[in-house]
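Every number here is computed from the coordinates shown, using simple stated rules; none is lab data. The shown structure was predicted, so the numbers you read here are calculated from the model rather than taken from an experiment. Counting neighbours? That spans all protein chains shown, and the Cβs are built from the backbone with ideal geometry, glycine included.
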Amino acid sequence: MKTLKVFFTILIALVLLAPISESTAAKNPNKAAKKEMKKKAYKKARKEAKRFRRKGWYVAPGALPMDKQIEKSWELQYKQDENGYPLYIVATGNSVAETQSAAKLQATELAKLELAGLVQTNVAALIENSIANNQLNNEEAASVTKTVAASKNIIAQEIGRVIFLFEIYRKIDKNVESSVRVGYNNDLAQEVAKKAIRKKLEEETEILHEKLEKLMDF
């Protein structure tokens, strides 16, 4: 009888603890996915860092080790929103200059320009769909397409602080080559691009305010 009572006590305890375990699991639905993401980032970083070192690349004194910098980069690139879209856009810039700081500055500007190009491509596709769904005449549609096509530099100027994922250097004769990889929030990038393109459209076209509102509503 005593053994039976102990058995039922354990059974009741397990039943009561089950919802707690399920609740804890429900709060961490992405735990396994995050673990897998970190594992993939780690592997990618080791391979990439090995390749860079073979070519003479190094990190600045006091900076994180190359492997860790690249691992951080891949982790950011693997991050997704609730719909499975990338949370960040990532771009790389390379430049050679007489000093390390000058090379980094130029590489960063090139990376921003690449970011702007990626954003421009995405926003241009959305605007093309918007043109089809709104009542723009042929002349207005052509003006919009032309402005969007020329917006890369404008978007690059509007992009603010970027996230430095890694920065590496190597000697090229008496000069220094810098390679930087930067990240930027995807949603924020889209808003920056929309704002820059809309301002340009207001300055360079005669499209009515109401039409612009509908055109940029995406």
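Tabulated data for the structure shown
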{"item": "Pairwise label distance in nanometres, Arg198 with Glu98, each label 7 Å out on the Cα-Cβ vector", "result": "4.5"}
{"item": "On Cα atoms only, tilt of 2-27 relative to the major axis of the chain in degrees", "result": "0"}
{"item": "Cα→Cβ-extended label distance, 7 Å offset, between Leu188 and Tyr58, nm", "result": "3.3"}
{"item": "Taking Tyr169, Tyr184, Tyr58 and counting other C-beta atoms within 10 Å, the order from fewest to most", "result": "Tyr58, Tyr169, Tyr184"}
{"item": "Estimated FRET transfer efficiency (Glu213, Leu105; beta-carbon r; R0 41 Å; 0.05)", "result": "0.60"}
{"item": "Gain on full stretching of the segment that runs from Lys79 to Lys174 - 0.36 nm per residue minus C-alpha separation", "result": "30.3 nm"}
{"item": "Convex hull volume per residue in cubic angstrom - Cα atoms of the range 88-178", "result": "99"}
{"item": "Ratio of Rg to Rh over the range 140-218 (Cα coordinates, Kirkwood Rh, two decimals)", "result": "1.18"}
{"item": "Ellipticity estimate at 222 nm from DSSP helix runs (n ≥ 4, -39,500 (n - 2.57)) divided over the chain, nearest 500", "result": "-22000 deg cm²/dmol"}
{"item": "Test item: Cα-centred dipole of the range 30-165, Lys/Arg +1 and Asp/Glu -1 on Cβ, debye", "result": "1380"}
{"item": "Within a Gaussian network of the chain (alpha carbon springs, distance under 10 Å), most fluctuating of Glu167, Glu48, Glu203", "result": "Glu203"}
